[in-house]
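*Asks:* Below are the structure tokens for one structure; questions will follow.
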Amino acid sequence: MTDVYYPEALRELMEHFRHLPGVGRRGAERLVNALLEWSPEESFAFGKALSDLHSHIEKCPSCGAWTERGSLCRICADPRRDASLLCVVETMTQLIAVESSGKYNGKYLVLGGRISPLDDETGEGLNLRMLRERASSGEVTEVILALSSDVEGRATTVFLTELLSDLPVKLTRPALGLPAGANLSYADSATIGAALAGRTGV
Ligand SMILES: [Zn+2]
């Protein structure tokens, strides 16, 4: 462990960075050393942006995507979007991936995670009530379950199919084409566009 040579304040910062996805001990060390090169003004602005995060951002009350506190997200607020289509994704990263395909003009529901079949989860913590409310609003005619094609994504698709089975909406999922085991966020936009265009019933 070389961390002990760093002053406490730097070690603490490294610990925070190590909580980020894809950042190991070495990566955290590099990030902290890079921050030491910043001017005090830049560091202050960075710290402020971080500390303001939770007071400025919250989940959109209509779809669960991140939005400015107190307002609907841009997609929910956009009257040009087709409100009869509801695309269910696991995370906001996946929403952005679908958006970047440029092939979808409906609305979204961000679940906020997925079911883990091994843990026998019940979907606690997911935006399931929000999903049912949206799907039963009368406005939505088709719900697209655009979840990952790995085990957890498939388990979540089965779970949601059950959850929405009594509602008068068409349930579809993107056509095959997403690599098995891959997270939707990693698929390229052309693949996502083609998969959405060729969606099938669940
Ligand atoms: Zn929204």
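*Asks:* More than 14 Å from the ligand (Cβ to nearest atom) and either modelled with pLDDT of 95 or more or under 30 Å from A194 (Cα atoms) (or both) - does that describe any residue in segment 58-79?
*Replies:* No, that holds for no residue.
*Asks:* How many of the residues in segment 87-128 are away from the ligand (no atom under 12 Å from the Cβ), of a type in the set (S, T, N, Q) and part of a loop (DSSP other than H, G, I, E, B)?
*Replies:* 4
*Asks:* Can you find, within segment 1-23, the residue that is modelled with the lowest pLDDT among those that are in a helix (DSSP H, G or I) and open to solvent by less than 60 Å² (accessible area, probe 1.4 Å)?
*Replies:* Kept after step one, since they are in a helix (DSSP H, G or I), are these residues of segment 1-23: 3-5, 8-17.
Filter again for open to solvent by less than 60 Å² (accessible area, probe 1.4 Å), leaving 3, 10, 14, 17.
On the way: D3: 71, L10: 93, M14: 95, F17: 96.
Per the criteria, the residue is D3.
*Asks:* Farther than 24 Å from E152 by Cβ, of a type in the set (S, T, Y) and assigned to a strand (DSSP E or B): which single residue out of S51, S84 fits that description?
*Replies:* S84
*Asks:* Additional query: Identify all residues within segment 133-176 that are open to solvent by 50 Å² or more (accessible area, probe 1.4 Å), without any contact (Cβ under 8 Å) to a residue 40 or more places away in the chain and in contact with a Ser or Thr (Cβ under 7 Å, 6 or more places away or on another chain); write none if there are none.
*Replies:* Across segment 133-176, the qualifying residues are E152, K170, R173.
*Asks:* Further question: Is there a residue being in a helix (DSSP H, G or I), farther than 30 Å from I115 by Cβ and either among the hydrophobic types (A, V, I, L, M, F, W, C) or without any contact (Cβ under 8 Å) to a residue 24 or more places away in the chain (or both) anywhere in segment 55-64? Outline the logic, then answer.
*Replies:* We begin by selecting, within segment 55-64, every residue in a helix (DSSP H, G or I); these are 55-56.
Then keep just the ones that are farther than 30 Å from I115 by Cβ; that gives 55-56.
Retained after the next criterion (residues that are either among the hydrophobic types (A, V, I, L, M, F, W, C) or without any contact (Cβ under 8 Å) to a residue 24 or more places away in the chain (or both)): 55-56.
Looking through segment 55-64, at least one residue is in a helix (DSSP H, G or I), farther than 30 Å from I115 by Cβ and either among the hydrophobic types (A, V, I, L, M, F, W, C) or without any contact (Cβ under 8 Å) to a residue 24 or more places away in the chain (or both).
*Asks:* Please enumerate the residues belonging to segment 1-28 that are farther than 19 Å from G47 by Cβ and either within 24 Å of the chain's Cα centre (by Cα) or not hydroxyl-bearing (S, T, Y) (or both).
*Replies:* Once the filter is applied, which keeps residues that are farther than 19 Å from G47 by Cβ and either within 24 Å of the chain's Cα centre (by Cα) or not hydroxyl-bearing (S, T, Y) (or both), segment 1-28 yields M1, D3, V4, P21, G22, G24, R25, R26, G27.
The values are calculated or read from the model by the stated rules, or taken from the named source; none is laboratory data. Please read these numbers as outputs of a predicted model, since none were measured by experiment. A quick note on method: Cβ atoms are made from the backbone with ideal geometry, for glycine too, and the neighbour counts reach across all protein chains shown. For accessibility, only protein heavy atoms count, side chains too; no ligands or nucleic acids. Shrake-Rupley method; radii C 1.70, N 1.55, O 1.52, S 1.80 Å.
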